[in-house]
Each structure stands twice: as structure tokens, then as C-alpha cells.
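Written below as C-alpha cells is the structure these notes are about.
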Amino acid sequence: MLLSAIKHQFLEVLKPLYGAEEALSLFYLSTEELLGMGKIDIALNPNQQLSADQTTLLNAYKERLENWEPIQYIIGKTYFYGSDFRVTPNTLIPRPETEALVDWMVNDLQGEKATILDIGTGTGCIAISLAKHLPEAKVHALDVSEKALQVAKENAKSNEIQVEFIQQDILGTAILPGQFDVVVSNPPYVRNQEKLEMRPNVLEYEPGTALFVSDHDPLLFYKKIAQLCIQNTTKQLYFEINEYLGEEMRKMLQDLGGKDIEIKEDFRGKQRMLKVNFE
């Protein structure tokens with residue numbers, strides 16, 4: 001089959017689901033992974049003849065995407081803040097808004113010999129990126145999931161970065177596992193009522209325990225982490241937050257004694273990041 005023909009089939013099937021721009025992006029990600037051909041290569045070689053095996057593999061990707069399986073899980077990796085990260089269905093897929101949180105921290109903490117803890121590390125993308133770009137810092141990462149931590153450890157090894165990993169349930173924690181200057185967390189924050197706004201590729205494939213909280217107590221993780229930080233005499237705390245709950249977060253942290261609370265918007269103009277001081 002000609003490359004142009006398989007491209008046409010891909011877009012014909014995926015455009016109604018994802019829209020034209022995202023469908024095209026999914027096609028290029030698939031060809032890059034399976035054929036080693038990017039957007040420019042395909043534009044220059046539209047009449048390249050694909051082998052039967054290549055056609056079969058691309059059709060398999062197309063069918064999995066048609067069933068809303070995330071492309072990151074299909075190819076087993078994603079790109080985050082300048083590095084490749086392995087992802088599996090045991091980990092959330094790192095997102096651009098989390099890159100913005102990391103960038104905020106990197107700019108704030110450049111040159112500091114801070115001891116940092118990442119709570120709910122998942123793939124390890126936050127912790128590993130901080131350790132890479134803040135070489136004077138000492139970074140620890142915690143997660144309740146043994147399977148997620150295994151992925152994070154593999155990512156640290158493949159990126160040649162040193163991070164200390166800890167398996168622990170933060171909600172069942174009485175005291176943080178060490179003394180930390182800075183804590184960061186992207187905890188579960190999506191309320192069940194918000195599921196209607198989400199696509200099947202998130203709802204059906206990504207780990208729900210890392211995404212969802214009950215409607216009646218959506219700040220459960222944030223409050224627990226903040227209380228542990230106060231007990232730990234942590235100086236600074238960074239969060240990725242629910243775009244709808246910024247002011248609720250501000251009030252909760254103020255009630256706990258937080259100071260200089262700053263909320264930032266992501267590239268879409270949504271309130272998604274928060275910083276608070278405890279000194």
C-alpha cells in the first residue's frame with residue numbers, strides 16, 4: 001500500500017473522533033515510531049510503497065486509536081520537558097501543564113541546594129526533570145503504587161538521573177520520610193462530576209486512582225500534604241491544581257497559615273499551578 005493511501009485511511013477513521021489536527025498528529029507519531037518517518041519525510045515521499053508488515057502494523061495502531069487507546073500507551077513513551085519518559089497504564093500520561101509547573105520550579109530554585117520531595121510521582125517526570133535541571137538539588141519521589149515506582153525508576157535510569165524513590169501512601173502517612181525544603185505534588189484532583197467533560201482515552205485507560213477524588217472532599221490530598229509540610233517545617237510547596245478550585249485552594253492554605261500564595265495559569269489560561277510558603 002502507498003504511504004499516501006494509509007494516511008488517507010488513518011485520517012478518514014480518526015478525524016471524526018479526534019478532529020483533523022489531532023488525527024494528523026497521531027498519524028505522524030505512528031509513522032515516526034513504526035517507520036522512522038516524520039512529517040517532512042512523508043511530505044517528500046507520499047508514494048513510497050509500504051511492505052505488508054508495515055501496513056499491518058500501521059493498521060493495528062489505527063484500530064487501537066479508534067478504540068481511544070492513548071498513543072503514549074501504544075508506543076510506550078512520551079516526551080516531557082526535554083526528555084523521553086516510558087509510560088504504562090499504571091502511570092498517568094505527563095501533560096504540558098505539568099511541564100509548566102516544572103518550569104516554574106526550575107526558574108525559582110535555580111542554583112539552590114534544596115532537598116525536594118515529589119509526592120505522587122507516577123512516571124517520575126516531575127522529580128527526574130527537577131533533578132536534571134537543578135543539579136545542586138537533592139530530589140526524592142514518593143508514590144503509593146509499586147508498579148508506578150518501577151516505571152519511574154526505569155525512567156531515572158534511562159535518563160541517567162539520580163532520584164531516591166519511596167513507596168508510601170500519603171493519606172496514611174503520619175510524618176514525611178525525611179526533612180524537605182520544597183515539596184511538589186500533582187495529586188488526584190478531578191471530581192467525579194467532571195467525568196462528563198473527559199474523553200474515553202482518559203476515562204477508560206488512565207489509572208483512576210491517580211485522577212479522581214470524591215465530589216464532597218476534592219481537596220483531600222492537598223490538605224493532607226499541606227499539613228504534613230507544616231509539620232515538616234517545609235519552606236515551600238508547589239501544586240498542580242484543579243482549574244475550578246483555585247480560590248478554594250487559596251482559602252484552605254490561608255486557613256492553615258500559608259503565606260504568599262500565588263496561582264498561575266497554564267498555556268490555555270486556566271488556573272493550574274499554585275505556590276505557597278510556610279515561613
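Helix 20-35 and the longest principal axis of the C-alpha atoms of the chain enclose an angle of approximately 80°. Dipole of segment 23-93 computed with +1 at Lys/Arg Cβ and -1 at Asp/Glu Cβ about the Cα centre; of Gln54, Pro89, Ile75, farthest Cα towards the positive end is Pro89. Per residue of the chain, the DSSP helices (runs of n ≥ 4 H) give a summed -39500 (n - 2.57) that works out to -13000 deg cm²/dmol at 222 nm. Any chance you could give the angle, 0 to 90 degrees and rounded to 10, that helix 96-109 forms with the longest Cα principal axis of the chain? The helix 96-109 is inclined about 40 degrees to the chain.
Charging the Cβ of each Asp and Glu at -1 and of each Lys and Arg at +1, and nothing else, the dipole of the chain about its Cα centre rounds to 120 debye. In whole percents, the pair-distance distribution calculated for segment 90-277 from its alpha-carbon pairs, binned every 10 Å from zero, is 9, 39, 40, 12, 0. A straight chain from Lys235 to Leu44 at 0.36 nm per residue would run longer than the Cα-Cα distance by 63.3 nm.
Calculate how many DSSP beta bridges within segment 64-214 are antiparallel, expressed in % of all such bridges and rounded to the nearest 5.
In segment 64-214, approximately 20 percent of DSSP beta bridges are antiparallel ones.
The modelled label-to-label distance for the pair Ser214/Lys113, using points 7 Å beyond Cα in the direction of Cβ, is 4.6 nm. Between Glu197, Glu66, Glu146, the GNM of the chain built on Cα springs shorter than 10 angstrom shows Glu197 fluctuating the most.
The label-point distance for Gln254 and Arg199, in a model that sets each label 7 Å from Cα toward Cβ, rounds to 3.7 nm.
Can you figure out the FRET efficiency of Glu154 with Asn67, using R₀ = 22 Å and their beta-carbon distance, to the nearest 0.05?
The pair Glu154/Asn67 has a calculated efficiency of 0.25.
Which of the lysines could a cross-linker bridge to Lys251, judged by Cα under 29 Å and excluding same-chain residues fewer than eight apart? Within the straight-line limit of under 29 Å, Lys251 reaches these lysines: Lys195, Lys223, Lys224, Lys235, Lys259, Lys264, Lys270, Lys275.
Counting only alpha carbon atoms, the long axis of helix 52-66 and the longest principal axis of the chain meet at about 50°.
Using a Gaussian network model of the chain in which every pair of alpha carbons under 10 angstrom is joined by a spring, one finds that among Met198, Met105, Met252 the greatest mean-square fluctuation is at Met198.
The residue list Val202, Gln110, Met252 was ranked by how far each Cα lies along the charge dipole of the chain toward its positive end, using unit charges on Cβ atoms, and Gln110 comes out on top.
Quick note: the coordinates plus some simple rules give every number you see, no bench work behind them. Just so you know, these numbers come straight off a predicted model, no measurement behind them. No Cβ is skipped: glycine too gets one built from the backbone with ideal geometry, and neighbour counts run over all protein chains shown.
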